[in-house]
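Have a look at the structure below, then the notes.
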Amino acid sequence: MAAPLRFHFDFISPYGWFASREIDAIAAKHGREVDWHPMLLGVSVLKVMGLKPLLDTPVKGAYVRRDVLRHARKRGVALGRNLDGPMPSPLAMGRAFCWIRKHHPDVQGASAHAIYDAHWVRGLDLSSAEEIVREVSLPAAVDTGALLAAMATDEPATLLRESVQASLDAGVFGSPTLVVDGEPFWGLDRLGEVDEWLTRGGW
């Protein structure tokens, strides 16, 4: 089987959310699977690149607010999170997902969708392990009791740090980024190009 598509994302990224809703279909069309890799924009954008968050960037922030709502309308999805509200920490979501990815890899995609939808469709903060276990409809295969217990240990945090570092090592700086057979494609607007790349075998 051909290598999976490596999908790098941050749960607080609206563009990552939109892409997450489409990447499974693209992968399936080309006989691929999706390998989900959390990253942190707070590390890649703020710390490594020294830039401001998109919504806090003069002029660009206003555009992004319009653009996100436009993408939501185009896709017919409800945006439950207030873009002007406090930015939640993605740490608990990223750590919980990394633990699920390691211990229940067969449901990593379904788990990512469940967390994304709880955050962006229902507008939940999900900044604690308890909120994730209580509010997110995780796949039945996930032992939520074991997840909650694990979140009190160092393992999930270590797994997330490793995932973030692996993204940086692969040259990933934004969400979403798809790496196809070593070729990176950054941005929601590159999904069509990924489809074409896979169809043509690259160029």
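Every number in this text was worked out from the coordinates using simple rules, so none of it is lab data. Given the structure is predicted, the values throughout are model-derived calculations rather than measurements. Cβ coordinates were reconstructed from backbone atoms using ideal geometry, including for glycine residues, and neighbour counts include every protein chain displayed.
List of remarks:
- Among the helices (runs of 4 or more DSSP H) confined to the stretch 61-137, the ones with at least 3 residues that are surrounded by fewer than 19 Cβ atoms within 10 Å (Cβ to Cβ) and charged (D, E, K, R) are located at 129-135.
- Summed over the stretch 26-57, residues that are in a strand (DSSP E or B), more than 15 Å from Pro88 (Cβ to Cβ) and not β-branched (Val, Ile, Thr) total 3.
- Restricting the stretch 165-184 to residues that are crowded, with 18+ Cβ neighbours inside 10 Å and closer than 24 Å to Ala2 by Cα leaves a set whose member that is farthest from the chain's Cα centre (by Cα) is Val180.
- Between Asp117, Asp56, Asp84, Asp35, the distinction of being under 22 Å from Gly174 (Cβ atoms) and touching a Lys or Arg at 6+ places or on another chain (Cβ under 6 Å) belongs to Asp35 only.
- Those residues of the stretch 72-90 which are touching a residue at least 40 places away in the same chain (Cβ under 8 Å) and farther than 17 Å from Phe11 by Cα, in sequence order: Arg75
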